[in-house]
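Here's the structure, in structure tokens; my notes come after.
The values are calculated or read from the model by the stated rules, or taken from the named source; none is laboratory data. The structure displayed is predicted, hence computed values, not measured ones. Every residue, glycine as well, gets a Cβ built from its backbone with ideal geometry; the counts of neighbours run over all protein chains shown. Surface accessibility is based on the protein's heavy atoms, side chains included, excluding ligands, DNA and RNA. Shrake-Rupley method; radii C 1.70, N 1.55, O 1.52, S 1.80 Å.
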Amino acid sequence: MIRYIVLVAVLFMPAFCFSQGTVRGKITDKNGETLIGAAVVLKSDKSFGVTTDFDGNYSIKISQTEPQTLVISYVGFQTIEIIVAPKNNEVIIKNVQMVSSSQNVAEVEVSAKAIKSNTVYTENMKKKSATTIDFVSAETMKKTGDNNVTAAVARVAGVSTNGGFITVRGIGDRYVKTTVNGSRIPTLDPFTNNIKLDLFPASLIDNVLITKTASPDLPGDWAGAYLSVETKDYPDELKVDFESSFGYNNQSTGKEVISSQRSKTDWLGFDSNLRDHDHNSFVNANINPSQYQQFVALGLKDYFTSLGVNEDNWYKGATDYFKLGLIQLGLLAPALYNDANAVTSAANLYTQGNYASEAFKVINANVPASATSFPTNWNTTTRKAPLNFTQSFSVGNQMNVFGRPLGFLAGFRYYTVNLFDPDATANRASVVGDSSGQLINSVSSSVIQQSGIETNGWSALINAAYKLNSNNSISLLFMPNFIGSNRVRKSYDTNDIVQVVTLSQFYEERKQMVYQFKSEHFVPSSKIKIESNASYTRGSSSTPDFKNVQYWINPDSTYQIGGAIGDGIHRYYRYLTENVFDSRLSTEIPLSDKPELVRKLKAGGSYQRIDQKFDQYDYFVLTGPDIGTFENGDVYAFLNPEQFGASSGV
């Protein structure tokens with residue numbers, strides 16, 4: 001514990017070990033364009049001063065305790081003087097808007113720092129944009145209490161949500177592209193261009209920009225909207241945020257809710273291999289083995305090999321080879337080789353006796369053991385639901401390292417949410433004909449169900465930026481996201497004589513590991529800005545052991561399962577891995593030296609590489625030619641591992 005305390009003390013020491021105050025800010029013209037190279041000096045000592053960097057930012061330390069006058073000057077603009085009085089270790093933010101020297105200056109405007117998470121910042125961006133954009137700021141998310149980006153963007157006009165995906169102006173989610181800080185990330189879905197935005201917590205986001213019209217500096221593979229989720233930026237001074245929230249749901253909290261067997265890491269947003277399976281070791285049942293496979297199982301492989309016969313060329317003389325096999329088994333006398341009646345009689349002895357069934361058992365000897373390797377979690381369970389809970393923490397600061405400013409932000413958020421509906425009803429309408437042939441409205445199915453959803457997840461953000469000098473800077477970002485959702489449903493369709501019961505267990509885990517690099521450069525002689533971005537994201541989505549089991553409850557209270565009931569008895573496993581590399585290089589060249597006339601030429605290029613792999617496994621249980629029966633609705637008893645076996649005729 002002492003080791004961690006010392007580490008924290010060393011980390012924040014630079015912020016407190018100086019006695020002087022600090023004045024920071026940004027200098028812009030009336031159009032909001034940053035002024036690079038503007039001079040900021042002390043009026044009392046003009047040999048002491050700094051110049052603004054390529055972002056228009058300055059930072060000057062003042063050791064004097066009495067009020068000081070800062071003189072701000074730039075070629076072509078009126079010189080401005082402002083009075084500051086920083087106390088010991090205090091950081092004062094002073095942003096200045098300069099006016100061209102060709103205009104009469106009635107007053108000097110000194111504004112507060114433009115914080116990206118505020119609505120004012122994004123509103124100004126919207127005003128200056130040549131494209132149609134909407135936005136949601138972190139300030140708005142905090143006021144509305146939205147926990148994630150999905151809930152936040154649903155408040156934007158023309159945007160609707162569906163299971164974490166969004167549609168814009170009625171255009172489907174496959175036509176919406178989502179990025180993080182302008183860089184593409186995995187969609188985690190093989191059929192859409194969009195991603196589920198509930199992966200991003202509101203506490204680690206500055207704003208969400210929604211571009212609705214095309215622009216030359218954006219990719220062209222979208223039609224509905226282009227979303228950019230902007231992560232939090234580091235502050236200008238030490239800032240620590242700690243937030244806890246608890247939620248009570250009168251239908252779930254503290255009550256027994258429907259659930260399924262859970263792994264020991266479900267609370268962390270991923271499964272600990274409880275639900276997963278080793279697919280490479282599974283042995284599929286050979287329901288219809290070929291004649292060659294049957295004879296091999298009965299010990300005739302060497303005999304047919306001596307004849308040069310194998311699985312691949314059996315078809316060339318299948319009839320003759322079959323008769324030879326019957327002779328080797330002693331079912332057909334060699335002298336009756338061409339006697340049709342004798343061959344038919346021998347074939348009947350083969351199929352109706354123990355030969356075919358024994359061959360089937362030998363061929364499928366490993367099938368029962370493979371089938372019993374699955375967990376016996378067919379039935380739903382119950383659990384007592386805890387309070388909904390969210391915990392977030394972030395710390396950020398700016399300090400000097402090797403004489404240059406280093407800004408950083410680290411944040412973490414964990415949450416758990418439980419939802420439960422104990423008595424939901426769903427009716428499916430239909431149109432049928434009555435006894436007179438008239439069409440009337442009817443109900444084809446009436447489902448009463450219990451449904452529960454448990455969601456656990458966590459996200460983190462580490463963002464650091466370092467200025468190599470006044471004209472060059474680099475920044476790094478790392479953002480891991482984990483989310484696991486367990487959906488369980490038990491329903492009863494009561495609209496028929498036979499009651500149909502459905503047990504559905506669906507667990508999905510999603511993961512993203514986002515790595516980003518950004519560098520900004522300014523060439524003073526030509527006033528050219530160069531920006532490079534590189535992003536690599538490793539993403540995965542898996543649905544281990546999705547089960548959807550249906551069975552009947554007959555009027556006589558007997559239970560039936562398998563056969564033609566529903567879709568059968570299945571266990572599904574789905575896996576998607578997607579890795580995305582996205583890079584961009586852009587250049588901004590000014591075309592005018594007049595401050596009041598902003599003209600720029602932008603040029604750049606981008607490169608993307610997407611590696612995607614999708615696998616799906618479908619395991620189904622065969623109950624034989626007849627529908628299975630069981631008692632008291634105990635699906636586990638019927639699907640007990642001891643019940644599995646292999647026999648001919650299945």
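General remarks:
- Pairwise centroid distance, computed over Cα atoms, of the stretch 535-584 with the stretch 324-383, Å: 32 Å
- Pair Asn354, Leu387: separation of 7 Å Cα→Cβ label points (nm): 6.9 nm
- Share of carbon and sulfur in the accessible heavy-atom surface of the chain [1.4 Å probe, %]: 52 percent
- Partners for Lys255 among lysines (Cα-Cα distance below 20 Å; same-chain residues under 8 apart left out): Lys384, Lys490
- Think of it as helices only: each DSSP H run of n ≥ 4 in the chain is worth -39500 (n - 2.57), and spread over all residues that comes to -3500 deg cm²/dmol at 222 nm.
- Label point distance in nm, Ser557-Ser526, each placed 7 Å from Cα along Cα→Cβ: 8.9 nm
- Between helix 119-128 and the chain: long-axis angle, C-alpha atoms, 0 to 90°, nearest 10: 80 degrees
- Take the Cβ atoms of Phe644 and Tyr572, set R0 to 30 Å, and the FRET efficiency comes out at 0.95.
- Dipole magnitude (debye, nearest 20) for the chain, charges at Cβ of Lys, Arg, Asp, Glu: 2180 debye
- Thr144-Asn310 pseudo-label distance in nm [points 7 Å out on the Cα-to-Cβ vector]: 6.7 nm
- Considering only the chain, percent of DSSP beta bridges that pair antiparallel, nearest 5: 95 percent
- Checking the Cα-Cα distances for Lys142/Lys511; Lys87/Lys239; Lys142/Lys613; Lys87/Lys518; Lys61/Lys142; Lys142/Lys527 against a 29 Å cut-off, the pairs over it are Lys142/Lys613; Lys87/Lys518; Lys61/Lys142; Lys142/Lys527.
- Peptides ranked, highest mean first, by Cβ atoms within 10 Å: ranges 271-277, 331-337: 271-277, 331-337
- Angle between the chain longest axis and helix 340-352 axis [Cα atoms, degrees, rounded to 10]: 60 degrees
- Full extension of the segment from Val71 to Lys613, taken as 0.36 nm per residue of separation minus the current Cα-Cα distance, would add 189.1 nm.
- Residue (of Tyr292, Ala365, Asn388) at the positive-pole extreme of the chain, dipole from beta-carbon charges: Asn388
- Selection from Ser272, Thr231, Ile195, by position along the positive dipole direction of the stretch 183-295 (Cβ): Ser272
- With Cα atoms, 0 to 90° folded angle of helix 318-328 axis to the chain main axis: 60 degrees
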